[in-house]
Amino acid sequence: MKMLLLLVGVLIFSGIGYVRSDASDHRYKEGDTVPLYANKVGPFHNPSETYRYFDLPFCVPEGVKEKKEALGEVLNAKKRSSCSDKLLRKTTTSRCTMMISPSGDSLEKLTRMPNLIGEYKYFLYKHIEFEILYNKDRVIEISARMDPHSLVDLTEDKEVDAEFMYTVKWKETETPFEKRMEKYSMSSSLPHHLEIHWFSIINSCVTVLLLTGFLATILMRVLKNDFTKYAQDEEAADDLEETGWKYIHGDVFRFPTHNSLFAASLGSGTQLFTLTIFIFMLALVGVFYPYNRGALFTALVVIYALTSGIADTHLPLSTANLKEKAGKAEFQAPCRTTKYPREIPPLPWYRSAVPQMAMAGFLPFSAIYIELYYIFASVWGHRIYTIYSILFIVFIILIIVTAFITVALTYFQLAAEDHQWWWRSFLCGGSTGLFIYAYCLYYYYARSDMSGFMQTSFFFGYMACICYGFFLMLGTVGFRAALFFVRHIYRSIKCE
């Protein structure tokens, strides 16, 4: 735990330091050269389909070298190359001429534009306009635009002479260097965006209140009646036949089938939950900022590696020698387990695993689906998302709703004398991950313009991994909530 706290401190201070300045300190005097790097380039709507900038038919300067990237930048697939051309600290213009052959592979990477009669033509921009905002000797912001009046028509299959050029304009601004990122951080805090986010939170809070009220008025009242009935004197109890959840007290703490897989799933889910909490802590203190996903990827890798031991230590049961450890401190059951399991009575179809998972996953998903769009638009688009406080509130609501709905379904399962609740509680808790993956289908086909085999495989492949992580994490939350509830009710009665 001390190592994790030390890691958080190091990331905080290193992240804040990186925001203030880089190696060159962003300081340039009149006539100084500003380094220019060419990053990856690709279709606007396909963020995963990227190419090296100089793979396109542009003028390639001499002395191009690959810039050494940090761990997070490598994971983010950044491919920055240094250019021999420099942006001078004055208004300048640079030109170069080259021959372009449309029959090359580079033509396939160009954007096609429809003309007035519906046919497609291929164009290549020739003029890049750089606008650099500065405050004294500090560079505050750099924007690059394409001149729409300077195009090369590459529709016909013939070689074309093209003169490429870029223009650099310097403008003074009063924005201080320390606040240069606020423009991007505040973009997601505009009033109309905040209204939607707060509506999402109110919707989630209403779900939590309704679910809490359901548990308080119905579930607790039923439990109170059960406790009253089971607490009768021994003579009266002998005359009554045990029914309901007390009837299976000798089977309810029996270890589940495939216990090694179950333990491994719980361990991984606990690790992912811990990882998520630490990432939120770093986000809330301002370590992550727009257009610097490298810091996020670095934190994910480092914290995941340091929390790997949690997957082994935070388990309700061990993956080896389960039966030998049943009576030790690792897992203390309030009721003694019988030698042979009781037969589960026939149950209606809606009490089976799949309908229960559908009910358990729908409520938590309904509490987060509005916020999901903004997250998807940030990860798979170009929208900036910086309201980490609201995202953390939605995450807490997601955890609460998952725990409550799993506890309620576990009680109804035990009341029907079905003692196989271990896997059921895990599957019900994690079923929200399946709803999120279903939302991926809706987002891809209805809310985005992504296309192509590579982008499609990247999107659904990565989202399958992320949703599987949510399945493990929320499944662990659901099981631990159910385990706490089951232990409580069976500890409150007399089990023979």
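Quick notes
- Selected residue (only one of S378, S366 is in contact (Cβ under 8 Å) with a residue 40 or more places away in the chain, open to solvent by less than 70 Å² (accessible area, probe 1.4 Å) and within 18 Å of Y443 (Cβ to Cβ)): S366
- Flag if R383 is of a type in the set (K, R), out of contact with any His (no Cβ under 9 Å at 6 or more places or on another chain) and under 30 Å from S457 (Cβ atoms): yes
- Residue that is nearest to L391 (Cα to Cα) [pool: residues in segment 172-195 that are open to solvent by 100 Å² or more (accessible area, probe 1.4 Å) and at pLDDT 70 or above]: E195
- Residue within segment 433-442 that is β-branched (V, I, T), open to solvent by less than 10 Å² (accessible area, probe 1.4 Å) and over 20 Å from G267 (Cβ atoms) present: yes
- With respect to the conditions (1) assigned to a loop (DSSP other than H, G, I, E, B); (2) at pLDDT 80 or above, V302 falls short on a single one, namely (1).
- Failed condition for I202, given (1) surrounded by fewer than 15 Cβ atoms within 10 Å (Cβ to Cβ); (2) farther than 20 Å from I375 by Cα; (3) β-branched (V, I, T): (2)
The values are calculated or read from the model by the stated rules, or taken from the named source; none is laboratory data. Because the structure is a prediction, the values reported are computed rather than measured. For neighbour counting, all protein chains shown are included, and Cβ atoms are generated from backbone atoms with ideal geometry for every residue, glycine included. The protein model used for the area step is the full one, side chains on, heavy atoms only, and it has no ligands, DNA or RNA in it. Shrake-Rupley method; radii C 1.70, N 1.55, O 1.52, S 1.80 Å.
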